[in-house]
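Each remark here refers to the structure printed beneath this line.
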Ligand code: SAJ
């Protein structure tokens, strides 16, 4: 057991990673200041509310705020440790957009004092942790930064990639092993002090570039494996075989564990992160690129199949169940389900497309709200009225519909839960 962390922590970015991390620290007695550019997020957190749905997070935030351990502001404060947990999306050419990371580093720079720790949690392409050090150093030539001082640096910069699974964040944030890659071994050690406050999993120390790569390959590994399952689903469709049965049987082999096909791969991690590796080594990443192509193609494949079968009906009603990027989360960003509905509704503007998702709270997400042939309905009504039922997300609420009598309706279960 190393030294314990002592001091205030500023968490930049109060999203799916930053807010749970802030709560994990604050509920263990650390004073945490959450920083976000969105005033609505600051208002919600300051009142002890959570701006999105994640099991057990709401109770953590309200408790930490009530105890006075967690506050929220738009201004980056002076702190002993900074955690950067901002988005790293990609540009239209799929190169990493590091605007938010750079902005965070530049907000930290004027406030940071010698002895402080800076941790990059955002999933980032190789070399980003060093860039953070350089961006801070450029604005603070008075500080000894680790990118140009090997020995006794004054600021400790490390990458500690987040690995939590939406839907299980509050559990995994505590139980997962953590990889910490410092710019120097002293940086790793200082960063580890902070994670020892709440992490029950093992803390594994390495260098920054190795930590960056290990995080990226975790998601690329999953992408390739889902692509394998998605390709199998298309092969089995062509050969008139039940892919779920084929996979179930193959998985009885002791060394085979095939994942589940679906309508595509969504979220802001798995479809993005492989591109950071491809961008860094374009000549030798054929497999990663192919996996991305298979997974990106899958929503088109599903939509085309639905459109083709709708041609059998004179005035078909198509009901699509589930819109979020995966089951039992209220996150609609980068959702293959939404893409499928958009493709169907725009290919057949004269056809009514009913959509249903228990996690929609208010307006219909994405472009769907502007499509005149798309309407939100409760699931039971949508199924009742449908000629074609398409299950896109296996929300718990939809699983029980397997007992529904679908008599006469065409059913596309892209998740294999009604079989
Ligand atoms: N999916 C399938 N079939 C499967 C598994 C997933 O089609 O068998 C689809 C989902 O429906 C969803 C997408 O893949 O559209 C991604 O879902 P996910 O549950 O695999 O992953 P995320 O994006 O919620 O979280 C991932 C996790 N990474 C890994 O499991 C390697 C999480 O641990 C990371 O912290 C997170 O990315 C991140 O932030 O990087």
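The values are calculated or read from the model by the stated rules, or taken from the named source; none is laboratory data. These figures come from a predicted structure and were not determined experimentally. Neighbour counts are summed over all protein chains in view; Cβ atoms, including those assigned to glycine, are modelled from backbone coordinates with ideal geometry.
The set of residues in the range 160-171 that are out of contact with any helix residue (DSSP H, G or I) (no Cβ under 9 Å at 6 or more places or on another chain) and outside any loop (DSSP other than H, G, I, E, B) contains only 171.
Scanning the range 311-353 for residues that are assigned to a helix (DSSP H, G or I) and over 21 Å from residue 416 (Cα atoms) yields 342, 343, 345, 346, 347. Of all residues in the range 46-77, how many are in contact (Cβ under 8 Å) with a residue 60 or more places away in the chain and under 29 Å from residue 110 (Cα atoms)? Qualifying residue count, the range 46-77: 2. What's the number of the only condition in (1) closer than 28 Å to residue 57 by Cα; (2) not assigned by TED's automatic domain parsing to the domain that holds residue 24 that residue 176 fails to meet? Condition (2) is where residue 176 drops out.
When the residues of the range 249-292 are filtered to those that are free of Cβ contacts under 8 Å to residues at least 40 places away in the same chain and in a helix (DSSP H, G or I), which remaining residue is farthest from the ligand (Cβ to nearest atom)? By that ranking, first place goes to 283. Could you please let me know if residue 247 is in the same structural domain as residue 285 (by TED's automatic domain parsing), crowded, with 18+ Cβ neighbours inside 10 Å and out of contact with any helix residue (DSSP H, G or I) (no Cβ under 6 Å at 6 or more places or on another chain)? It is true that residue 247 is in the same structural domain as residue 285 (by TED's automatic domain parsing), crowded, with 18+ Cβ neighbours inside 10 Å and out of contact with any helix residue (DSSP H, G or I) (no Cβ under 6 Å at 6 or more places or on another chain). Among the residues of the range 217-236, the one identified as surrounded by 13 or more Cβ atoms within 10 Å (Cβ to Cβ), without any contact (Cβ under 8 Å) to a residue 24 or more places away in the chain and away from the ligand (no atom under 11 Å from the Cβ) is 236.
The range 354-419 holds strands (runs of 3 or more DSSP E) entirely within its bounds, and those carrying 3 or more residues that are more than 24 Å from the chain's Cα centre (by Cα) and touching a residue at least 24 places away in the same chain (Cβ under 8 Å) map to 388-391. Only residues that are in contact with a helix residue (DSSP H, G or I) (Cβ under 8 Å, 6 or more places away or on another chain) and over 18 Å from residue 132 (Cβ atoms) were counted in the range 183-204, giving 6. Here the condition is being surrounded by fewer than 15 Cβ atoms within 10 Å (Cβ to Cβ) and over 30 Å from residue 98 (Cβ atoms); of 333, 314, 289, it holds for 314 alone. Under 20 Å from residue 352 (Cα atoms), within 16 Å of the ligand (Cβ to nearest atom) and in contact with a strand residue (DSSP E or B) (Cβ under 9 Å, 6 or more places away or on another chain), is that true of residue 390? Yes: the conditions hold for residue 390. Within the span defined as the range 82-101, every residue fails to be under 20 Å from the mean Cα position of the chain (by Cα) and farther than 25 Å from residue 131 by Cβ. For the range 172-203, the set of residues classified as over 23 Å from residue 23 (Cβ atoms) and assigned to a strand (DSSP E or B) consists of 181, 182, listed by residue number. Only residues that are farther than 19 Å from residue 146 by Cα, buried (at least 16 other Cβ atoms within 10 Å of the Cβ) and within 13 Å of the ligand (Cβ to nearest atom) were counted across the range 180-216, and they come to 3. Taken over the range 59-105, the criterion of being out of contact with any strand residue (DSSP E or B) (no Cβ under 8 Å at 6 or more places or on another chain) and surrounded by 15 or more Cβ atoms within 10 Å (Cβ to Cβ) is satisfied by 60, 62, 63, 87, 98, 100, 102, 103. Test residue 141 against the criterion of being in contact (Cβ under 8 Å) with a residue 40 or more places away in the chain, outside any helix (DSSP H, G or I) and either within 16 Å of the ligand (Cβ to nearest atom) or out of contact with any strand residue (DSSP E or B) (no Cβ under 6 Å at 6 or more places or on another chain) (or both), and give yes or no. No; evaluated as a whole, the condition is false for this residue. So is residue 57 within 16 Å of the ligand (Cβ to nearest atom) and either over 23 Å from the mean Cα position of the chain (by Cα) or more than 30 Å from residue 278 (Cα to Cα) (or both) or not? Against the criterion (within 16 Å of the ligand (Cβ to nearest atom) and either over 23 Å from the mean Cα position of the chain (by Cα) or more than 30 Å from residue 278 (Cα to Cα) (or both)), residue 57 qualifies.
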